[in-house]
4 protein chains.
Amino acid sequence: MPYKFQPGKTYMMPTHFGPSLGPRQGEGGRKFANLDSPKVIQRSVSFLTNREQLEELLPEGFEVGAEPVVTVGVSCMTELEWLAGRGYNMLGVSFPAIFNGKEDHVTGSFLTVLWENLADPIISGRENLGFSKIYCEIPEPKVYRGETHCIASWLGFKFMDLKIKNITQLTPEEVAALTSKQSGDGTLHYKYITKTGEWSSADVSYAVLTPSASPNRVVKEVWRGEGTVQFHKATWEDLPTLCHIVNILHDLEIKEYRGAVVTKTVGGKDLSDQRILR
Amino acid sequence: MPYKFQPGKTYMMPTHFGPSLGPRQGEGGRKFANLDSPKVIQRSVSFLTNREQLEELLPEGFEVGAEPVVTVGVSCMTELEWLAGRGYNMLGVSFPAIFNGKEDHVTGSFLTVLWENLADPIISGRENLGFSKIYCEIPEPKVYRGETHCIASWLGFKFMDLKIKNITQLTPEEVAALTSKQSGDGTLHYKYITKTGEWSSADVSYAVLTPSASPNRVVKEVWRGEGTVQFHKATWEDLPTLCHIVNILHDLEIKEYRGAVVTKTVGGKDLSDQRILR
Amino acid sequence: MPYKFQPGKTYMMPTHFGPSLGPRQGEGGRKFANLDSPKVIQRSVSFLTNREQLEELLPEGFEVGAEPVVTVGVSCMTELEWLAGRGYNMLGVSFPAIFNGKEDHVTGSFLTVLWENLADPIISGRENLGFSKIYCEIPEPKVYRGETHCIASWLGFKFMDLKIKNITQLTPEEVAALTSKQSGDGTLHYKYITKTGEWSSADVSYAVLTPSASPNRVVKEVWRGEGTVQFHKATWEDLPTLCHIVNILHDLEIKEYRGAVVTKTVGGKDLSDQRILR
Amino acid sequence: MPYKFQPGKTYMMPTHFGPSLGPRQGEGGRKFANLDSPKVIQRSVSFLTNREQLEELLPEGFEVGAEPVVTVGVSCMTELEWLAGRGYNMLGVSFPAIFNGKEDHVTGSFLTVLWENLADPIISGRENLGFSKIYCEIPEPKVYRGETHCIASWLGFKFMDLKIKNITQLTPEEVAALTSKQSGDGTLHYKYITKTGEWSSADVSYAVLTPSASPNRVVKEVWRGEGTVQFHKATWEDLPTLCHIVNILHDLEIKEYRGAVVTKTVGGKDLSDQRILR
């Protein structure tokens, strides 16, 4: 007898071995609370660029938000419940945007691309959530003489350097003030899956939102400082699957740096509140 | 101005940086001929198991083929054009199956799962082709005293050993005879993508076929020998995203080994003939 | 003109490119202060074993110390000055021992083996310091539901599991008391280098000491808890360079566990006080 | 009872677990024949440089040979007996040199540095043989549109590119002629081990020779072509243990390329004929 999909369960390819195991579904379908974990250190650098350059990175229905400021963030995550306590690292590029749909009108941070150094969350993040996750190597940051240096590479070709220095820690009051400030409705993405055999058509094509609420996420410490970020021009031979992305990021004009932020947080959510925008 | 999807081009997330770069679309949309590359060494071991155990691995519309023989194959690929000459390795588990659709009635090899040790082909293989590709580490095989030993692991947990020995090379005539033998209509898969926010629903859910024709693929050398394969029982802590798959493969009864095959081939295809079965 | 060795400088192979760069000699010969770095988290588990089994691991001139208690420790080090802010991990196995030389009579901790996951400190540690450093993979520990799990593997073969749970943090007073307690004269090692061409003779063969003083090392936090450690029996095929070591560690009887300790420290020394024992 | 060193056996740190396991001593002291393995593909590029620049890379007692031609070679080795059938890769830089000792007068190829991507052979090669082996990442070469591209990196910083194209295969007669040509007495090295605690003194300091004879090594195929090689300038922050080496190699003037060679060989020796030069 062929198997039947169990009702109420999430599946991912291969579907043949039962419901998938991932961030939103553990053994026997159990959920992960994300209460005292993961532990995350995020290091980000922001810069002002041209509104026109960012507009060209937005699908239809979207427009650039209040100010064309790009944030490049490197996150090191440990103690992830759904990975039985392992961790991985991420590199994201985002900017403020507004989505004007037929039903939904939301403002938030548009996540243009999110590199991760582990395939498992890439797969579930793309297919379940519509995150534009792709793969690269993201080693632990180096810290030397007060400067933190993050890099990203693909099969040995380094395509990004992010450096942060002169950081000063915020007081608990400053952290509290920062946390209470609403940063919009959440994170905006565009989910897209090619239709097999009709290579320029889509099986899936819609905007999605990660709502900003994350009640279990506690900001432990925040520092502010100075930072720089560089994406390095690459040939197709250097980065045969990524060069188009990296070169557009390289070409973004850096009109003015807007500082660096280092944030330590504990706790999170399983992103099961991710929703389609219409 | 937001970007528009260019007609006739394939996109993958992130779609914001232009048409994707991958196996079926290079810079400027060019195709890859796959004429003198890739170079592939495939090492496989087959065994007879219970028809009932395989039936449970088939989605509706499929049935087990002539004989319930599972083939576990490790492929080492080099000189891939679309990766500008790099390579990667694969571990697949398949068995003969028949698909009875409304329109299509095809026989072939059902690929239950295909592990690969590089994220880029996993992403395009899943989303574009509907291959059940997932990630693991697949180091180069060891060869010692006439025995070849392939392993697969995930973040340090080894879950498979495949060993081949006593191989003898086929004559060119035997190779020619082997190649001319039709092995069915191709490779069968089931493509499935979760619908965001409706976690037990699907955005995409259909059977797909990789047609068997591959005119540029030349079989250079073939050996036959003896082999064994073992999947190792794992806890959720060992393999929090893979244990359900590995443990079902571990539980397949090995009633009788059906020998090992080592094949060296050159050339291939871009799989743009992949098609939906109805 | 052939080069001459510069007086007052340390050299390592290759000597042809000038004085070596390493933990005790940076660019232009500068020293590293190790004041606010490295940052180290050490997780260790101890157990009582048989005095006789430990005696067999000691070279002549050494004897087992007060109690035959083995400590297995995994250290994760970051922000190393001499690596320009990078880090690496270590796995050491030690027990109390006494060295009775012609001139020196010292007690301390005998470091039987120290695995590290980076070749550069292995080379300088062996040749300059006489540490018995060898290579293995030591991923970041997993932390799940209050249990920390450290593993070690070599080319995919996992040979050690160390687990710690139920930890409680020491008060600052307890930490201070712990730190003031002298743990002997330091760490004991045996340096040995084969003579080329006379394969059973030595170019170098002497005991060495790492004195315990480390004035810049500050203990930040300490936890105590329960732990277990297992070395896994290996064949020569599994670990062709390590099986003799791992199997002897596997065979050590665990008569009683003596608890686990987690220690966070900042600062250290360049070990230039390492000295030969006579 | 402390252990005694067994007579006739080779030891390496840690000496406490019995005789070492390595290329010249397996389990129970057995030797490795290296008859049908390893399999090696070596890709090398040569160039004419300044005699003066090479003289500065030679220790006392050495002089540059007939012509100041540097050869940079990348070797991919598989099926190594002493690693139970595993493999690893190497990157060496050598040039012709003459050693004039008190007793020995030999000509050969001076191996200035040999990078390897596995720590185990680095340790035994340095300590037992006096090879100037150090660590870096050496991925499998890429082959695209007739060009082979080898790279080397250290913790993500790429420091070398070697490219070979337009290769033509030699006839069996040409290969035979090439093989019979004596290339001098062997490979020259300088072994050096720092004395612990006397940081500018040496425990070991002597020239060594790898004799050229290797009766079990069979040259299977040879190609000649064109090639280029580049070492990339690095800061101390990029390569804190290697920058002095890489930058001197970067500064070698390339007056004229002398072609590229690709060689496939099977078989070798355990290098137990390595000897000290006097």
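Sorted shortest first, the distances from the B:Ser212 label point to those of the same residue in the other copies are 5.6, 5.9, 7.5 nm; each point sits 7 Å from Cα along Cα-to-Cβ.
The aspartates and glutamates within cross-link reach of B:Lys233, meaning a Cα-to-Cα straight distance under 16 Å and a gap of 8 or more places when in the same chain, are A:Glu27, B:Asp161, B:Asp251, B:Glu253. Cα centroids of region B:33-73 and region D:13-38: 40 Å apart. Averaging the sequence gap over all C-alpha pairs within less than 8 Å and six or more residues apart, then dividing by the number of residues, gives chain D a relative contact order of 22 percent. If R0 equals 41 Å, the separation of the Cβ atoms of D:Gln6 and D:Arg258 corresponds to a calculated FRET efficiency of about 0.25. Each other copy holds its own label point for B:Glu52; taking that point as 7 Å from Cα along Cα to Cβ, the gaps run 5.4, 7.1, 8.6 nm, nearest first. Legend: residues B:His105, A:His189, sorted from most to least accessible area (1.4 Å probe; ligands, DNA and RNA excluded), read B:His105, A:His189.
Once the C-beta distance of B:Asp36 and C:Ala33 is scaled by a Förster radius of 60 Å, the resulting FRET efficiency is 0.55 to the nearest 0.05.
Using just its DSSP H runs of length 4 or more, each adding -39500 (n - 2.57), chain C gives a mean residue ellipticity at 222 nm of -2500 deg cm²/dmol after division by all residues. What sits nearest the axis between copies D and C, counting only chain D Cβ atoms, is the residue and whole-Å distance D:Ala119, 2. What the pair-distance distribution of region D:120-278 shows, using all Cα-Cα distances binned every 5 Å from zero, is 2, 7, 11, 14, 17, 20, 16, 8, 3, 2, 0, 0 percent.
A:Lys191 contributes about 0 Å² of solvent-accessible surface, heavy atoms of the protein only, 1.4 Å probe. Compute, for A:Ser272, the solvent-accessible surface of its heavy atoms (probe 1.4 Å) with the complete set of protein chains present, and express it in square angstrom to the nearest 10. Roughly 50 Å² of A:Ser272 is accessible to a 1.4 Å probe.
Taking every protein chain into account, the 1.4 Å probe leaves C:Phe47 with about 10 Å² of accessible area, to the nearest ten. Summed over both chains, the contact between D and A buries some 600 Å² of accessible surface at a probe radius of 1.4 Å. Once both labels are positioned 7 Å from their Cα atoms along Cα-to-Cβ, the gap between A:Arg217 and B:Thr235 label points is 3.2 nm.
Once the mean of 1/r is taken over each pair of separate Cα atoms and inverted, chain C shows a Kirkwood hydrodynamic radius of 20.0 Å. Residues D:Glu147, A:Glu56, ordered by accessible area of protein heavy atoms at a 1.4 angstrom probe radius and largest first, appear as A:Glu56, D:Glu147.
Please build a GNM for chain D, connecting alpha carbons under 10 Å apart, and tell me which residue among D:Ile134, D:Ile248, D:Ile167 fluctuates the most. Answer for the Gaussian network model of chain D: D:Ile248.
Separation of region A:130-147 and region D:114-132, taken as the distance between their Cα centroids, equals 31 angstrom. Pairs exceeding a 31 Å alpha-carbon distance, out of B:Lys220/D:Lys39; D:Lys4/D:Lys195; B:Lys158/B:Lys195; B:Lys163/D:Lys4; A:Lys158/C:Lys165: B:Lys158/B:Lys195; B:Lys163/D:Lys4; A:Lys158/C:Lys165. Put a dot 7 Å past the Cα of C:Gln169, heading toward its Cβ, do the same for D:Ala176, and the two dots end up 7.9 nm apart. Between region B:178-224 and region D:157-188, the C-alpha centres lie 43 angstrom from each other.
Each residue of region D:253-260 is assigned a 3J(HN,Hα), and the resulting list reads 5, 9, 7, 5, 6, 10, x, 10 Hz, derived from the Karplus form 6.51 cos²θ - 1.76 cosθ + 1.60 (θ = phi - 60°), x at Gly and Pro. Across identical copies of the chain, D:Gly8 has label-point separations of 5.1, 7.2, 7.8 nm, listed in ascending order, with the point defined 7 angstrom from Cα along Cα→Cβ. Phi angles across region D:131-141 convert, under the Karplus curve 6.51 cos²θ - 1.76 cosθ + 1.60 with θ = phi - 60°, into 3J(HN,Hα) values of 6, 7, 8, 9, 9, 7, 7, 9, x, 4, x Hz, Gly and Pro given as x. When the Cα atoms of region D:79-205 are aligned to their principal axes, the ranges along those axes come out at 54, 40, 31 Å in descending order.
Springs join every pair of Cα atoms under 10 Å in this Gaussian network model of chain C, and among C:Asp161, C:Asp203, C:Asp104 the largest mean-square fluctuation is at C:Asp203. Surface composition of region A:123-278: carbon plus sulfur atoms hold 50% of the accessible area, using a 1.4 angstrom probe and ignoring ligands, DNA and RNA. Taking a quarter of the surface of the Cα convex hull of region C:1-113 gives a mean projected area of 10.5 nm². Remark: the protein assembly as shown is approximated by an ellipsoid whose semi-axes, taken from the C-alpha gyration tensor as √(5λ), come to 46, 37, 31 Å, largest first. Heavy-atom accessible surface of chain D, averaged per residue, reaches 39 Å², computed with a 1.4 Å probe.
In this simple spin-label approximation, A:Glu56 and D:Glu55 carry label points 7 Å from Cα along the Cα→Cβ vector, and these lie 5.6 nm apart.
When every Cα-Cα distance of region A:210-278 is counted in 5 angstrom steps from zero, the calculated P(r) takes the values 3, 12, 13, 11, 11, 18, 22, 9, 1 percent.
The values are calculated or read from the model by the stated rules, or taken from the named source; none is laboratory data. All figures in this text were calculated on a predicted structure; none of them were measured in a lab. FYI the Cβ positions are ideal-geometry reconstructions off the backbone, even for glycines, and counts take in every protein chain you see. The accessibility values were calculated without ligands, DNA or RNA, using every heavy atom of the protein model including side chains. Shrake-Rupley method; radii C 1.70, N 1.55, O 1.52, S 1.80 Å.
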